[in-house]
Structures are given as structure tokens and as C-alpha cells.
1. Inspect the stretch 67-88 for any residue being farther than 20 Å from ILE155 by Cβ and in a helix (DSSP H, G or I) and give the result as yes or no.
2. Which one of these is open to solvent by 80 Å² or more (accessible area, probe 1.4 Å), in contact (Cβ under 8 Å) with a residue 40 or more places away in the chain and out of contact with any helix residue (DSSP H, G or I) (no Cβ under 6 Å at 6 or more places or on another chain): SER21, SER39, SER99?
3. For residues in the stretch 76-96 being within 20 Å of LEU215 (Cβ to Cβ) and exposed (fewer than 15 other Cβ atoms within 10 Å of the Cβ), which is nearest to the ligand (Cβ to nearest atom)?
4. Count, please, the residues in the stretch 102-128 that happen to be more than 11 Å from LEU160 (Cβ to Cβ), surrounded by 21 or more Cβ atoms within 10 Å (Cβ to Cβ) and touching a Phe, Trp or Tyr at 6+ places or on another chain (Cβ under 8 Å).
5. Say whether the condition of being open to solvent by less than 70 Å² (accessible area, probe 1.4 Å), of a type in the set (Lys, Arg) and under 18 Å from ALA18 (Cα atoms) is met by at least one residue in the stretch 142-163.
6. Which residues, taken from the stretch 42-66, are part of a helix (DSSP H, G or I) and either surrounded by 14 or more Cβ atoms within 10 Å (Cβ to Cβ) or touching a Gly at 6+ places or on another chain (Cβ under 8 Å) (or both)?
7. Quick check on GLU131: is it open to solvent by 10 Å² or more (accessible area, probe 1.4 Å) and more than 15 Å from the ligand (Cβ to nearest atom)?
Amino acid sequence: MNDLNKNLENVNARILRACQSAQRNPGDVRLLAVSKRQSVAKIRSLYGAGQLAFGENYVQEAISKQEQLGDLDIEWHFIGPIQSNKTRELARHFHWVHSVDREKILRRLSDSRSPDLPPLNICLQVNIDREVQKSGALSEEIPDLAQLAFSLTGIRLRGLMAIPRATKDTDGTLGSFRAMYALYEQLKDGGLPIDTLSMGMSSDIEQAIQAGSTLVRVGTALFGPRY
Ligand SMILES: *Cc1c(COP(=O)(O)O)cnc(C)c1O
């Protein structure tokens with residue numbers, strides 16, 4: 001078995017164990033392979049091992065990879081910061097966008113999504129630890145943004161995404177993930193039909209699943225270091 005297959009097995013085993021210890025159904029947690037600054041050959045190899053969803057952070061890099069991998073039925077997710085002059089390309093080339101944090105981007109993505117395609121799946125990014133440099137809307141802005149997203153026809157609101165503060169304090173990270181879960185549940189209780197809580201990366205898959213993540217975004221634990 002090659003390294004990538006072994007990494008994929010290890011990550012899926014971590015997800016399974018985390019689900020078991022949280023008494024959650026493993027079918028309720030998806031794996032998104034984060035392939036930014038990883039080679040097309042590695043993506044192809046991981047796809048061959050059964051991984052179908054890949055996440056990218058840079059629009060031009062992603063489109064170039066999509067062209068080279070056009071023979072594969074990959075589900076492409078955009079997870080990077082969004083410039084408003086890139087919304088047309090995002091709406092055309094991706095199935096999901098996880099990093100939407102403002103009204104202008106929501107409206108532009110909806111307006112530029114082709115009516116021939118299914119609505120673009122959207123997560124709203126939350127700046128859960130209120131970090132000055134970080135993208136994402138503040139928690140208190142989320143209910144209004146979510147209502148707006150729900151009302152737009154070119155997009156389909158699926159849920160929320162976050163990247164907690166970088167820290168070795170796993171209890172702190174767990175606290176941030178729990179705050180995300182509370183916000184997610186609040187939107188669902190308010191009647192929004194959402195099903196995705198996008199949180200957890202290579203170093204904190206376990207805490208994210210413990211707190212209720214439904215989609216973990218994993219890069220280096222699958223692919224090794226980025227170029
Ligand atoms: C790069 C990235 C990841 C993956 O991070 P790893 O630590 O390599 O698993 C996940 N989410 C986002 C938004 C990223 O930019």
C-alpha cells in the first residue's frame with residue numbers, strides 16, 4: 001500500500017474512533033481532502049483510493065487542477081478567503097464554497113451561478129474566536145446572513161464553517177468548536193434546513209467530532225507537507 005492510501009486509512013480510522021467515543025454515527029461525518037499546494041498526481045492517487053471530495057484555497061490553482069483532472073468525478077470545495085472579483089469563477093467551477101462571510105459575496109455568488117447548474121452549496125464562515133486578522137463573520141452577524149443566504153435562489157445554505165484560533169490548548173479548541181455547535185443548533189432551531197458543520201483539521205479532528213462536526217477538512221495528515 002502506498003503512503004497516501006495508508007494516510008487515508010489512518011485519517012478514516014481517526015474519524016471512526018472519534019465518532020465511537022462521542023457515540024456518533026460515522027456516516028454523519030464527511031472527510032474533505034484539502035489539496036492546496038499538493039500535486040495533481042497525489043489528488044489522482046487519493047481519488048483512486050476512494051476519496052471523492054477535495055478542497056482548495058486558491059482559485060487559479062484550483063481551476064488549473066480541475067482542468068488536469070477533468071476525467072474524474074471530483075466534488076470540488078472552495079475553502080479559502082474570497083475576493084469579490086473571483087465570485088464568478090467560484091460560482092462556475094465549484095460545488096461548494098465554505099468561506100462566505102459577507103452579504104456582497106452571497107449575492108454575487110447567487111447571481112453568477114448558472115441556472116443550468118444546481119444551486120451552489122454554501123457554508124458561512126464564522127470568526128468564532130473573534131480574531132482581528134481572521135476572515136469570517138462574527139457570531140452575532142450570522143443569523144441575518146443565514147436568512148439572506150436561505151432566501152437566494154442561486155445558492156443553497158448548508159451550514160457553518162470555522163477555523164479556531166491556532167493553539168496547542170486542546171480544551172480551548174474544544175470550547176471554540178462547542179460554541180460553533182451552539183450557533184449551528186440555534187439556526188436549526190430557528191427553522192433553517194442546514195446539515196453541515198465544517199470544522200476540524202489535521203491537528204484537531206478528534207475535538208471537532210466530539211463537539212459535533214459533520215465535515216472535517218484535512219490536508220497534511222492525508223498528503224504530507226505542502227510544497
Ligand atoms: C489548509 C486548510 C485546512 C487543512 O489544514 P491541515 O492542517 O493541513 O489539515 C483546512 N481548512 C482550511 C480552511 C485550510 O485553509
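1. Yes, the stretch 67-88 contains at least one residue that is farther than 20 Å from ILE155 by Cβ and in a helix (DSSP H, G or I).
2. SER21
3. By that ranking, first place goes to PRO81.
4. Number satisfying all stated conditions: 1.
5. No, every residue in the stretch 142-163 fails to be open to solvent by less than 70 Å² (accessible area, probe 1.4 Å), of a type in the set (Lys, Arg) and under 18 Å from ALA18 (Cα atoms).
6. Of everything in the stretch 42-66, those that are part of a helix (DSSP H, G or I) and either surrounded by 14 or more Cβ atoms within 10 Å (Cβ to Cβ) or touching a Gly at 6+ places or on another chain (Cβ under 8 Å) (or both) turn out to be LYS42, ILE43, ARG44, SER45, LEU46, TYR47, VAL59, GLU61, ALA62, ILE63, LYS65, GLN66.
7. No; evaluated as a whole, the condition is false for this residue.
The values are calculated or read from the model by the stated rules, or taken from the named source; none is laboratory data. Computed from a predicted structure; not experimentally measured. Counting neighbours? That spans all protein chains shown, and the Cβs are built from the backbone with ideal geometry, glycine included. With ligands, DNA and RNA removed, areas are computed over all heavy atoms of the protein, side chains included. Shrake-Rupley method; radii C 1.70, N 1.55, O 1.52, S 1.80 Å.
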